[in-house]
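These notes concern the structure reproduced below.
The values are calculated or read from the model by the stated rules, or taken from the named source; none is laboratory data. Fair warning: this is a prediction, and the values are worked out from it, not measured in the lab. For neighbour counting, all protein chains shown are included, and Cβ atoms are generated from backbone atoms with ideal geometry for every residue, glycine included. For the accessible areas, the whole protein counts, side chains as well, though only heavy atoms, and no ligand, DNA or RNA atoms are used. Shrake-Rupley method; radii C 1.70, N 1.55, O 1.52, S 1.80 Å.
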Amino acid sequence: MTLHPDVDTAVALACEAAGAWAGSDGARRAALLDGLAAALENDRGALVALADNETHLGTARLNDELDRTCFQLRGFASLARNGGFYDRIDDAAVAGPPPAGRPRLTRVRVPVGPVAMFSASNFPFAFSVLGGDTASALAAGCPVVVKGHPAHISLSRRVHQLAQGVLRSLELPAGLIGHIDIDTYAAGLELVAHPGIQAVAFTGSLAGGQALGRQAQSRSQPIPFYGELGSVNPVVVLPEAIEQGAGGLAKTLAASITQGSGQFCTSPGLLMMLDSPGARALAGQLAVEVDQAGLHRMLSERIHQGYAQGVSTLKQHSEVRTLTSAASAEGVDGGFVGLTSAAAFLADEALRHEVFGAACVCVLATSLDELCAALAAVGGSLTTTLLGAEAGSERDLQVFRVAQKISGRVLFKGMPTGVAVTHAQHHGGPWPASTQPLFTSVGFTASDRFLRPVALQDAPAWLTARAGVPV
Ligand code: NAP
């Protein structure tokens, strides 16, 4: 494969920077991450205006997202400062023959090396140039080469320039944070194929993730591909929650479905219920609320096309009844709520595909077993929300077991949009939610993706004295 010179240069610089950064101590890493957060905050006005112009997400949401991005950077800084990425497991030597007798073993973790990071279209700050993937990789001791997303490439360039200013002020090499702004699939494939790249972090479409994941696996040295590729996020509303919810539940659900015009990986795309007059009434109320929601233009023409096609497929489906009536106007797509049976949902895989945008299909089941079968058919999802399962009855256990099997996060209250950045968070789940369901892309364990364990056997004092800081 011929490499674009910009790709080759960015990766070569990242490789040059990798050794010293891997051996950096927590204070050094924290200084960089804190400096990046401060730089974003200092340029907030211009950054938010630029992001709003490119993404149409609105200044309130974008200010919040910038705050979240700084919170992530500072959270990883704090962990680095406290030695969080130099954890060790130390087994003392035991005299005598094996299996009880053994040498001293110290398990440490070393940074994998340069990481290729694909910015997400739908999070121009929090999952782009200085977002969670970058923060978790830098904190782990890895340089990052970012593929800017074409939906907000001017913002990408400006954030990258700010990052370069911070690197200069700390006398750190420019190659620690590289940026590629070539708007072709070929450039992304070349980046993943480059022998200097040692892991990939990706958020985007199933097709894009599959193409880049195949590239990562077909290298002469295959590398881990951490992809987040799509999720339908079922919300199961059990009869007690329908009874208690009345109109408030429909409003809350609609707000979650239409937030950011539905362009969230955790947007609820399925509402699953046991068939009853209350369930049908909730579906109807939901459609009214979605019709009244203030949506805005989608992030890009590609995303708009994907949404329009997905909604058109649902509208034309013989087993789906459209409940919403709002049409698209002046470049803004209308939301969609449809109604179908669990039998139809089980019979046709097309009904289980993510429609990225403000679309939700209500699935009515005639029995608990059918509800569980429909939920299981989802296969893999970032989240499942279970409302009305407070009692812990046999029924609740049955639904929960399925929810747990298909999801990275199970919620018993609230809505799945909004992902807290904490230590316990898990943002992943079985395929296609994630290509690596054992790892998370959100929260402070996201750095685990970029740290490789090494067992040191009878390590000399000069090495153990480093307390886990790689050489
Ligand atoms: P995308 O089309 O997958 O693009 C994401 C990145 O992957 C871009 O940098 C793009 O390259 C690259 N790419 C895409 N297809 C490729 C291919 N075949 N070979 C090499 N590189 C490829 O995602 P998007 O632009 O964000 O949105 C499109 C769809 O993705 C949405 O409609 C939605 O279905 C899904 N999406 C899902 C999530 C999620 O959280 N699961 C988030 C956002 C989007 P270029 O830079 O050259 O365009």
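For the stretch 196-239, the residues whose backbone nitrogen is under 18 Å from a point 7 Å from the Cα of T313, taken along Cα to Cβ, are 204-211, 229-234. The count of lysine pairs in the chain with alpha-carbon distances below 29 Å, taking only pairs 8 or more places apart or on different chains, stands at 4.
Kindly state, to the nearest 0.05, the FRET efficiency for A343 paired with R297, given R0 = 51 Å and r defined as their beta-carbon distance. Mind dumping the intermediate values first?
Details: r = 37 Å, r/R0 = 0.72.
That gives a FRET efficiency of 0.85.
The stretch 193-225 and the stretch 30-86 have Cα centres spaced 26 Å apart.
Helix 153-169 and the long axis of the chain differ in direction by around 30°, with both axes built from C-alpha atoms. Rolling a 1.4 Å probe across all protein chains gives M415 an accessible area of roughly 30 Å². Expressed as a whole percent, the accessible surface of the chain that belongs to carbon and sulfur atoms is 55, based on a 1.4 Å probe. Each residue, E41 and E243, gets one label point 7 Å from its Cα in the Cβ direction; the gap between the two is 4.9 nm. The A350 and A92 beta-carbon pair, evaluated with R₀ = 41 Å, returns a calculated FRET efficiency of approximately 0.10.
Expected output is a single nm value to one decimal: the length gained when fully extending between Q161 and T252, i.e. 0.36 nm times separation in residues minus the C-alpha distance. What is it?
Numbers: separation 91, 0.36 × 91 = 32.76 nm, distance 3.96 nm.
Extending this stretch completely gives an extra 28.8 nm.
For the chain, the relative contact order is 18 percent, taking Cα pairs closer than 8 Å that sit 6 or more residues apart in sequence and dividing their mean separation by the residue count. Rounded to the nearest 10 degrees, the angle from helix 277-292 to the longest Cα principal axis of the chain is 70 degrees. Enter the Cα centre distance for the pair the stretch 129-188 and the stretch 435-471, rounded to the nearest angstrom. Cα centroid of the stretch 129-188 versus Cα centroid of the stretch 435-471: 23 Å apart. Rolling a 1.4 Å probe across the protein heavy atoms gives the chain an accessible surface of 40 Å² per residue.
A simple packing score, the average count of other Cβ atoms within 10 Å per residue, orders the peptides 347-355, 195-203, 404-412, 390-398 as 195-203, 404-412, 347-355, 390-398, with the highest score first. Derived scalar couplings between HN and Hα for the stretch 29-44 equal 5, 5, 4, 5, 5, 5, x, 5, 4, 4, 5, 5, 5, 5, 10, 3 Hz in order, rounded to whole Hz, by the Karplus curve 6.51 cos²θ - 1.76 cosθ + 1.60 (θ = phi - 60°), x for Gly and Pro. Of all DSSP bridge pairs formed entirely within the chain, close to 25 percent run antiparallel.
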